[in-house]
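First comes the structure, then the notes that go with it.
The values are calculated or read from the model by the stated rules, or taken from the named source; none is laboratory data. In this text, all values refer to a predicted model and were calculated from it rather than measured experimentally. Here the Cβ positions follow ideal geometry from the backbone for every residue, glycine too, while neighbour counts run over all protein chains shown.
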Amino acid sequence: MNTAEQSTGAESASCDVVVIGGGPAGSTIATLLRQRGRSVTVLEKEQHPRFHIGESLLPQNLRILERLGVLDQVRAIGVPKHGAEFNSQMHSSPVTYYFENAVDKRYPYAYEVRRSEFDHLLLQNAACQGADVHQCVRVVDVDLRAGARSIVHGVDEHGNRSEWHTRFVVDASGRDTLLANKMGWKQKNPKHNSAAIFGHFDNVVRRSGRDEGNISVCWFEHGWFWMIPLRDGRMSVGAVCFPEYLRTRKTSPEEFLWQTIRACPSVNERMREATLTGEVRATGNYSYTSRRMYGDGFLLVGDANAFVDPVFSSGVYLAMSGATAAAEAVDVWLRDARAGERLLRRYQRDVRRAIRMFSWFIYRFTSPAMRSLFMAPGNVLRMEEAVTSMLAGDVYGASPIRAPLALFKVVYYVSWVLNLRRAWAVHRRRRRNARVQFVEETQAGD
Ligand SMILES: Cc1cc2nc3c(=O)[nH]c(=O)nc-3n(C[C@H](O)[C@H](O)[C@H](O)COP(=O)(O)OP(=O)(O)OC[C@H]3O[C@@H](n4cnc5c(N)ncnc54)[C@H](O)[C@@H]3O)c2cc1C
């Protein structure tokens, strides 16, 4: 803590910025603000290392890890991921998109990581760079005071209350969406909804050679599977399904996951000898967005702002790249509120644009037309290169991929029309599921 103050009986302190949540977004913005000389307090409700889902990183993330000074540490805990493999029951063999074929050749691979280790090292790094980190402190409320210091209220695991007086509040609370809830800004995504069930397994058949660390994505009748190879032979396996399918569950989560695995031959084939390690978890109703991303003296970053379906492993990258832009905006705001406001607006615009780029593909991912296009890549007019760049996280306009992606969309719409009956049936199922509530939410790391 910085300057100690006494006020309402709760222990109290002040600083430039309070960050709520020590996940990837929170640790990133805290570290970058410390690098700019700001006093920063991070309040994290859990004790790291703790379980979290979301283990597959994108190549463009490496740029940020370098900047934070943790790339070597991540290399030590990660499995190199050179590409993303797609599997479909309607196609005889899988197709892999290798990141070395993206437009930006500087980052030809990424890493698969255990989030408990990854998040822990990011938070430790923030502390090493001078952030004042408090774990097991849950933020229970924030008094937002435009033009004055806001007050962040925390409670530790023993029930002790504390207050932080701060010039700026960063909400990086993930799916808890603390400020979006408080402001009434949170909106369920009307176009897309899905739910997931997942676990960690041993003895799952891995790909060989340099393909060993690739993520496998497998379409099946009720959605799609991920298989993410972790260190020490472990595999993260999960199914992202239409919520109406998960609501049909009559058995234990474990039995239901096995039953779902059996419904997807390409996954089942690799899991004949597999054994579950630990518990099976589920999470639902998870696509949402906040109407705004900032206000006077506060902003939302990462999942605290928006969550999109994880099919392209975009969550951690969006959280950390958003936090990078947000750090600059906050630093400028603390010096000059009007100039900072301009950067906050730009931050909001750029993050939304990046989310839109992923979302266009996500909304259509289960359609037969998208599946056919993904399973038959061809670099006609650089379309494959552009799709690979999107898969690598090149979504902020740094590479010239807009024209080939626009062309890809035209090709998609043409094949959608050519497959009209099936495409319409899937479209209707997706829209119907956008309204389905899947209430069983057992912590996906939250
Ligand atoms: C099923 C599933 C699969 C996914 N797969 C991938 C993947 O393969 N790759 C990928 O990149 N992303 C994936 N994601 C998304 C990824 O998990 C998130 O996008 C990412 O963790 C967001 O980081 P964050 O820092 O914004 O939030 P989080 O990582 O959730 O961190 C938020 C932190 O805030 C803390 N917190 C919350 N409330 C409070 C409070 N009141 N006070 C104090 N602390 C608080 C939490 O304890 C947590 O540590 C997946 C998500 C799901 C649901």
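Below are the figures for this structure:
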{"item": "Single match in Val204, Val217 (criterion: buried (at least 20 other Cβ atoms within 10 Å of the Cβ), on the phi < 0 side of the Ramachandran plot and in a loop (DSSP other than H, G, I, E, B))", "result": "Val204"}
{"item": "For His427: the one exception among (1) at pLDDT below 70; (2) surrounded by 15 or more Cβ atoms within 10 Å (Cβ to Cβ)", "result": "(1)"}
{"item": "Some residue of region 51-64 being farther than 29 Å from Ile401 by Cβ and within 13 Å of the ligand (Cβ to nearest atom)", "result": "yes"}
{"item": "Residue satisfying all of: in region 295-308; buried (at least 24 other Cβ atoms within 10 Å of the Cβ) and not hydrophobic (A, V, I, L, M, F, W, C); farthest from the ligand (Cβ to nearest atom) among these", "result": "Asn305"}
{"item": "Tabulated pairs, region 144-172, first without any contact (Cβ under 8 Å) to a residue 40 or more places away in the chain, second assigned to a loop (DSSP other than H, G, I, E, B), C-beta under 8 angstrom, 6+ apart or interchain", "result": "Ile151/Arg145; Asp156/Cys136; Glu157/Cys136"}
{"item": "Which listed residue, of Tyr107, Tyr97, Tyr111, is assigned to a loop (DSSP other than H, G, I, E, B), under 23 Å from the mean Cα position of the chain (by Cα) and of a type in the set (Phe, Trp, Tyr)", "result": "Tyr107"}
{"item": "Asp104 being surrounded by fewer than 22 Cβ atoms within 10 Å (Cβ to Cβ), within 13 Å of the ligand (Cβ to nearest atom) and not aliphatic (A, V, I, L, M)", "result": "no"}
{"item": "Test: residue in region 435-446 that is over 20 Å from the mean Cα position of the chain (by Cα), small (Gly, Ala, Ser) and modelled with pLDDT under 90", "result": "no"}
{"item": "Flag for Val74 being out of contact with any His (no Cβ under 6 Å at 6 or more places or on another chain), closer than 26 Å to Phe198 by Cα and not polar (S, T, N, Q)", "result": "yes"}
{"item": "Single residue of region 227-272 satisfying the filter (within 24 Å of Arg210 (Cβ to Cβ) and touching a helix residue (DSSP H, G or I) at 6+ places or on another chain (Cβ under 8 Å)) that is surrounded by the fewest Cβ atoms within 10 Å (Cβ to Cβ)", "result": "Arg231"}
{"item": "Test result for Gly159, of a type in the set (Gly, Ala, Ser), modelled with pLDDT of 95 or more and either closer than 27 Å to Leu68 by Cα or part of a strand (DSSP E or B) (or both)", "result": "no"}
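This table checks each residue for (1) touching a strand residue (DSSP E or B) at 6+ places or on another chain (Cβ under 9 Å); (2) more than 12 Å from the ligand (Cβ to nearest atom); (3) within 30 Å of Thr275 (Cβ to Cβ).
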| position | (1), (2), (3) |
| --- | --- |
| Arg145 | yes, yes, no |
| Ile151 | yes, yes, no |
| Val155 | yes, no, no |
| Thr166 | yes, yes, no |
| Thr177 | yes, no, no |
| His192 | no, yes, no |
